[in-house]
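Here the structure comes first, spelled out in structure tokens, and everything after it is commentary.
The values are calculated or read from the model by the stated rules, or taken from the named source; none is laboratory data. Being a predicted model, the structure only gives us computed values, none of them experimental. Virtual Cβ from ideal backbone geometry, glycine too; neighbours counted across all protein chains shown.
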Amino acid sequence: MTKRALITGVTGQDGAYLAQLLLSKGYDVFGLVRRSSHSEVTDTRLKWLGIDRDVKIVDGNLLDLSGLIRTLKDVRPDEVYNLAAQSFVKSSWQQPILTGEVTALGVTNILEAVRLETPEARFYQASSSEMYGLIQEDMQSETTPFYPRSPYAVAKLYGHWITVNYRESFGIHASSGILFNHESPLRGIEFVTRKVTDSVARIKLGLAGELRLGNIDAKRDWGHSRDYVEAMWLMLQQDVPDDYVVATGRTTTVRDMCRVAFQHVGLAMDDYLVIDPALFRPAEVDVLLGNPAKAKAKLGWEAKTSLEEMIAEMVDADLKRLSR
């Protein structure tokens, strides 16, 4: 029997790469998409990967429990991947209530729909390394205490623990992936890595003269989304559901990440980088460094793509986009 998967947030970076992976494994893939007046741009990432005609799009919203129940009744998925969220950290300070409704309570809605309609389905929740916030250990693992530092991180922490609660309360095969920063050419322009690679491409092509950033001394553990969605799939293939850190085990400053991007096109970063105090966050997460030992031991997973390879791929993709 062909497996069926439902992906919320299918038009995002991770949703698109996950859909591509599942299609390659012979799944029927359904993507839940929130109705928007900008519907013509919602499948941009799916088109970039050449799979927009292969994913079956269904209308839905994490805030609409009755709609989610109807969707599950119609699709009857074997696996449900909840990737939808208000996922931009900076915006969560301007939209804390919306972030809480979608990124936190939205998880409860989809879990409740699974419990009521397809309790046999396996469930994946996209948790985030931002939950660690003011880090309590130098290297963060599944047992490191959480200390969220933004409304987004607080909401993600609720989504993480409600997933654990449904697993323990109702016996649902529900797993959370605590994913550290992961990027790709499909990353939204509002995220720092893509802002950097897009700006570097514009400067190289003579379309811009500077790159403006805030705190460039923040450190992050950056991997490639294409690698990380494989870990999501592997979690749902396990007999016992569990939570896993997905990371590279290497941390790099924003400054050094920028330097990699500029060096790729033969430019000196210091000639173009401008520090803008207005871009600093109200509460910063200074360092994130994940320990992926459990994922390697139990899932057989490890990151394949280096930061340098990923940034080069992103810069080249932005050069290609802008050259058109």
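Taking (1) in contact (Cβ under 8 Å) with a residue 60 or more places away in the chain; (2) within 22 Å of Leu63 (Cα to Cα); (3) not basic (Lys, Arg) in turn, Gln125 satisfies each apart from (1). Considering the stretch 125-163, the residues that are surrounded by 17 or more Cβ atoms within 10 Å (Cβ to Cβ) and β-branched (Val, Ile, Thr) include one that is farthest from Trp222 (Cα to Cα), namely Ile162.
When each of Leu98, Leu111, Leu105, Leu134 is tested for being in the same structural domain as Val80 (by TED's automatic domain parsing), among the aliphatic types (A, V, I, L, M) and in contact with a helix residue (DSSP H, G or I) (Cβ under 6 Å, 6 or more places away or on another chain), the lone residue that passes is Leu111. When we screen Glu190, Glu210, Glu183, Glu168 for residues that are of a type in the set (D, E, K, R) and without any contact (Cβ under 8 Å) to a residue 24 or more places away in the chain, the only hit is Glu168. Among the residues of the stretch 200-215, not a single one is aliphatic (A, V, I, L, M) and either touching a Pro at 6+ places or on another chain (Cβ under 7 Å) or under 20 Å from Tyr124 (Cβ atoms) (or both).
Per the conditions (1) buried (at least 17 other Cβ atoms within 10 Å of the Cβ); (2) over 27 Å from Gly26 (Cα atoms); (3) of a type outside the set (D, E, K, R); (4) at pLDDT below 95, the sole criterion not satisfied by Thr108 is (4). Take the residues in the stretch 74-97 that are of a type outside the set (Phe, Trp, Tyr) and in a strand (DSSP E or B); name whichever of them is surrounded by the fewest Cβ atoms within 10 Å (Cβ to Cβ). Checked the stretch 74-97; the qualifying residue surrounded by the fewest Cβ atoms within 10 Å (Cβ to Cβ) is Glu79.
Scan the strands (runs of 3 or more DSSP E) fully inside the stretch 185-303 and keep the ones with 2 or more residues being more than 19 Å from the chain's Cα centre (by Cα) and not charged (D, E, K, R). Ranges flagged: 211-213, 273-275.
The residues of the stretch 50-70 that are surrounded by fewer than 23 Cβ atoms within 10 Å (Cβ to Cβ) and part of a helix (DSSP H, G or I), listed by number, are Leu65, Ser66, Gly67, Ile69, Arg70.
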